[in-house]
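The values are calculated or read from the model by the stated rules, or taken from the named source; none is laboratory data. This structure is a prediction, so every number in the text was calculated from the model and none was measured. Neighbour counts are summed over all protein chains in view; Cβ atoms, including those assigned to glycine, are modelled from backbone coordinates with ideal geometry. For accessibility, only protein heavy atoms count, side chains too; no ligands or nucleic acids. Shrake-Rupley method; radii C 1.70, N 1.55, O 1.52, S 1.80 Å.
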Amino acid sequence: MSWNSFGRVLRFTTWGESHGPAIGAVVDGCPPGIALTEADIQPWLDKRRPGTSRFTTQRREPDEVRILSGVFDGCTTGTPISLMIENVDQRSKDYSEVAKAYRPGHADYAYDAKYGFRDHRGGGRSSARETASRVAAGAVARLVIPQVRVRAWVEAIGGDTIDPARFDAGEIDRNPFFCPDPEAARRWEALVDEARKAGSSLGAVIACEATGVPAGWGAPLYAKLDAELAAACMGINAVKGVEIGDGFAAASLSGEQNADPMRPGADGPEFLANHAGGIAGGIATGQPIRLRVAFKPTSSILTPVETITREGDATEIMTKGRHDPCVGIRGVPVVEAMVALVLADQALLHRAQCG
């Protein structure tokens, strides 16, 4: 049994390996009649594309997407949309040592334990390369919910956090870190450079906000909107934690502190706070949906680490090749894509039940 698909009504399946000829996604359940071309998808892939700065992997992939099915005369037909992205800059020889021993923190041992063998070239399906397929699928999802805006940014790298008082949304796309605080972005240059030169890596925290989500999307129990968002983001390579709203901080508050008071408003309730992150009882309240996603440091590093070989012998390994010194940086468009896919799916679920 294998799980390569996500979603209920709007469902997508990703395919391909890091060092195979191509990767891609099949998006099923997309409503017909939505205008869609490669130009609607490519800008989001360009945000995630490797090799755009010295702070990301230097693998050179154009990540040009091709639509193979599901579109006719520039519009979706309601049939499966097949998306393909060719791999053009693989260097499988860099992974000769990985074939012999496991990288601690990576999925090498876990894959071997499950399947009895693994594709060691770049990590195969466990590579962050797979997330390009999610970004392509997410671009389709955005078109299903044009009233919703999904925006993410990096909030912290290596424990160094932005200053909320200096938050400037216009800065997010002006620096290679997707950082809304220009002073933090300047600090991160030295921080990531230092880790890269030392052959090490850093973790990151990504914040995401979705606005324009109407009250009512979601479900009370087994398709809770916050549970679906958490599952979607936890499924991203290198993610180790997801918070909705105040998250763990809510456990330190009193009931009255954690409440989101309401007053009468012109078009429904006016909320005086948003500790819940825009979701109550698994259903959207109409407030901005807010979440934070924690990315661990990249497991493929040049620093020698103790490990074992496939035969169980003690050894050390350092991973050659081209890897992100902070994989969380390029996680921004991936988080956005997964949030968009969940929200589009929930929008269609809501329409199916409530009209």
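Quick notes on this one:
- Residue match in the range 179-195 (condition: of a type outside the set (D, E, K, R) and in a loop (DSSP other than H, G, I, E, B)): yes
- The selection criterion, being of a type in the set (Gly, Ala, Ser), in a helix (DSSP H, G or I) and crowded, with 21+ Cβ neighbours inside 10 Å, does not hold for residue 113.
- Filter pass, residue 150 being touching a strand residue (DSSP E or B) at 6+ places or on another chain (Cβ under 9 Å), surrounded by 22 or more Cβ atoms within 10 Å (Cβ to Cβ) and closer than 30 Å to residue 267 by Cα: yes
- Evaluation of residue 188 against (1) open to solvent by less than 30 Å² (accessible area, probe 1.4 Å); (2) among the aromatic types (Phe, Trp, Tyr); (3) over 23 Å from residue 160 (Cβ atoms) (one fails), failing number: (3)
- Residue that is more than 30 Å from residue 310 (Cβ to Cβ), at pLDDT below 85 and not aliphatic (A, V, I, L, M), where the choices are 149, 60: 60
- Spans of strands (runs of 3 or more DSSP E) in the range 240-336 with at least 2 residues at pLDDT 95 or above and buried (at least 22 other Cβ atoms within 10 Å of the Cβ): 289-295
- Filtered by the rule that a residue be without any contact (Cβ under 8 Å) to a residue 24 or more places away in the chain, out of contact with any Gly (no Cβ under 7 Å at 6 or more places or on another chain) and small (Gly, Ala, Ser), the range 100-142 gives 110, 113, 116.
- Residues that are touching a helix residue (DSSP H, G or I) at 6+ places or on another chain (Cβ under 8 Å), surrounded by fewer than 22 Cβ atoms within 10 Å (Cβ to Cβ) and either within 22 Å of residue 202 (Cα to Cα) or of a type in the set (Lys, Arg) (or both), drawn from the range 221-235: 235
- Every condition in (1) farther than 30 Å from residue 345 by Cβ; (2) free of Cβ contacts under 8 Å to residues at least 12 places away in the same chain is met by residue 146 except one, and the failing one is (1).
- Restricting the range 153-185 to residues that are touching a residue at least 24 places away in the same chain (Cβ under 8 Å) and β-branched (Val, Ile, Thr), the residue that is surrounded by the fewest Cβ atoms within 10 Å (Cβ to Cβ): 161
- For residue 138: the one exception among (1) at pLDDT below 90; (2) open to solvent by less than 30 Å² (accessible area, probe 1.4 Å): (1)
- For the range 227-256, the set of residues classified as more than 30 Å from residue 334 (Cα to Cα) and touching a residue at least 12 places away in the same chain (Cβ under 8 Å) consists of 253 only.
- Residue in the range 193-201 that is open to solvent by 10 Å² or more (accessible area, probe 1.4 Å) and without any contact (Cβ under 8 Å) to a residue 60 or more places away in the chain present: yes
- Restricting the range 11-49 to residues that are acidic (Asp, Glu) and in contact with a Gly (Cβ under 9 Å, 6 or more places away or on another chain), the residue that is modelled with the highest pLDDT: 28
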